[in-house]
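The values are calculated or read from the model by the stated rules, or taken from the named source; none is laboratory data. Please read all numbers here as calculations on a predicted model, not as lab measurements. So basically every Cβ, Gly included, is an ideal-geometry build from the backbone, and we count neighbours across all protein chains shown. Only protein heavy atoms, including side chains, enter the accessible area calculation; ligands, DNA and RNA are left aside. Shrake-Rupley method; radii C 1.70, N 1.55, O 1.52, S 1.80 Å.
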Amino acid sequence: MVSRTVGTGAATLGAVVLSLLTAPAQAATSAGPDTTALRKVLRTALSQGAPGAFARIDDNGTVHHLAEGVADRSTQRALGTGDRIRVGSVTKTFTAVVLLQLVDEGKIKLDTSVNTYLPGLLPDRRITVRHVLSHRSGLYDYANTLFSPSVAGFENVRDRVFTYRQLMDLSLAKPLTGKPGVAYAYSNANFVVAGMLIEKITKKPVATAYQDRIIKPLKLTDTFYVHPKNTIPGKYSRGYMTADSTGKKIDSTRQTTSWAQSAGALVSNAKDLNKFLPALVKGKLTSAAQLNQMLKWTPVSSTQAYGLGLRRRDLSCGVSVYGHTGTVQGYYTWAFTSKSGKRSVTSFANTSNNGTVYATMNRTLESTFCG
């Protein structure tokens, strides 16, 4: 078992004052994260079936590392906050940032039909770029088809390499789930479309866009888009998917994640994610105008809203935090930052298909930002 708290020196980041539009009024962030409660959350996740769980908090220059359990069940190597992980749908925020940079450059418009840029792709010309980035397109989520049942579905695609077109064909085989622009309905197909837009406009792979526009400028040394490879470079946590009926832990580390691509195939670590999100909310990755567009919220529930590739969570203490969750087989990730970007957390459990662990790990946000 590993459990530790470490402090480091302050980082220097310029600030841009921005309105978060329709977000609720903010209470003051607590004097500090409740690391005792956070450690209890991580240990509870282990008792519920996660081989390992961690949280890294960057708090205005102080860094807290908390880790429990193992990264590898075979070797019993302890899990650490520096381990590289598959971050799943946190990738969507990277993808949205790239598209908003292209809006800044005048190469694409948020309220223009997707079919203007990708002629004939979608069945309804009313679906705009904004609709896909905010999950309001009505496009069916093909993941519902691929992963029913979960384990058998995963084994069928573990080593498969899809084209974007093949993924869209899976989505378009089903009718739209709603009228474009009306209601939020989460669908990975939206961010497959976003990846197609990036590649069409830049005439380069999305991997190049991530590298040139985000990874290199922010010096994210542990962030990679490895698709279509099925391995993770360097030191990483293995992932363990829980079987549907038996509860058996299936090593799901080796996978192409090709079913997700620009919707969820990035590899990163906690340090990099805790650098990326503050840079975003401080206006270092887009213009203030495009960040304001990103922060226009569509209600999801009484405590959640979705912008453009970005989630807002409204916590019990009155604080709202901004980021994304991520799930791929064997990997649960939460990456969120405060309005100011001064406090950020990346929390993780190396399991999936385990709703009890997921609900427990959600509490890492309360412990971090409410104290």
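For the chain, adding -39500 (n - 2.57) for each run of n ≥ 4 DSSP H residues and dividing by the number of residues yields -8000 deg cm²/dmol at 222 nm.
If you take the Cα centroid of the range 120-141 and the Cα centroid of the range 307-371, the two points sit 26 Å apart. Please count, across the range 173-258, the pairs of lysine residues with Cα atoms under 22 Å apart that sit 8 or more places apart or on different chains. Lysine pairs meeting the criterion: 10.
Just by accessible area at a 1.4 angstrom probe, what is the order of T346, T221, T44 from largest to smallest?
Numbers: T346 0, T221 95, T44 35 Å².
Reading off the accessible areas and sorting them downward yields T221, T44, T346.
Accessible area of the range 153-249 with a 1.4 Å probe: how many percent of it is carbon plus sulfur? Roughly 53 percent, rounded to a whole number. Measuring only protein heavy atoms, the 1.4 Å probe finds E155 accessible over about 90 Å². Once you've got the GNM for the chain with C-alpha springs shorter than 10 Å, pick whichever of T95, T325, T163 has the biggest mean-square fluctuation. The residue that fluctuates most here is T163.
Whole Å is fine, so just give me how far the alpha carbon centre of the range 40-65 lies from that of the range 142-218. Here the answer is 30 Å between Cα centres. Shape of the range 61-219 from its Cα gyration tensor (a ≥ b ≥ c, root eigenvalues): rounded if a/c is under 1.5, otherwise prolate when a/b > b/c, or oblate? Judged from the Cα gyration tensor, the range 61-219 comes out oblate (a/c at least 1.5, b/c at or above a/b).
Solvent-accessible area of the range 318-371 (1.4 angstrom probe, protein heavy atoms only): carbon and sulfur portion equals 49 percent.
Show E199, E105 ordered by accessible area, largest first, where the area counts protein heavy atoms only and the probe is 1.4 Å.
Result of the area sort, largest leading: E105, E199.
Each of [x] 21.1; [y] 20.5; [z] 26.7 is a candidate for Kirkwood radius over Cα pairs in Å; the one calculated from this structure is [y]. Per residue, the chain exposes 38 Å² of accessible surface when a 1.4 Å probe is rolled over the protein heavy atoms with every protein chain present. Accessible surface ranking for Y184, Y332, 1.4 angstrom probe, highest first: Y184, Y332. Kindly provide log₁₀ I(q)/I(0) values, in the same order as q = 0.24 Å⁻¹, from the Debye equation applied to equal alpha-carbon scatterers of the range 166-274. Once normalised to I(0) and log-transformed, intensities are -1.32.
Considering only M294, P217, S74, the residue lying farthest towards the positive end of the dipole of the chain is P217, judged by Cα position with unit charges set on Cβ. In this label model, K229 and K179 are separated by 4.8 nm, measuring between points 7 Å along each Cα→Cβ vector. Return the percentage of antiparallel bridges among DSSP beta bridges fully within the chain, rounded to the nearest 5 %. DSSP beta bridges in the chain are roughly 95 percent antiparallel. Measuring only protein heavy atoms, the 1.4 Å probe finds H227 accessible over about 40 Å².
Charges on Cβ only, +1 for Lys and Arg, -1 for Asp and Glu, centred on the Cα centroid of the chain; of H227, M168, L122, which one is farthest towards the dipole's positive end? Of the candidates, H227 comes out farthest on the positive side.
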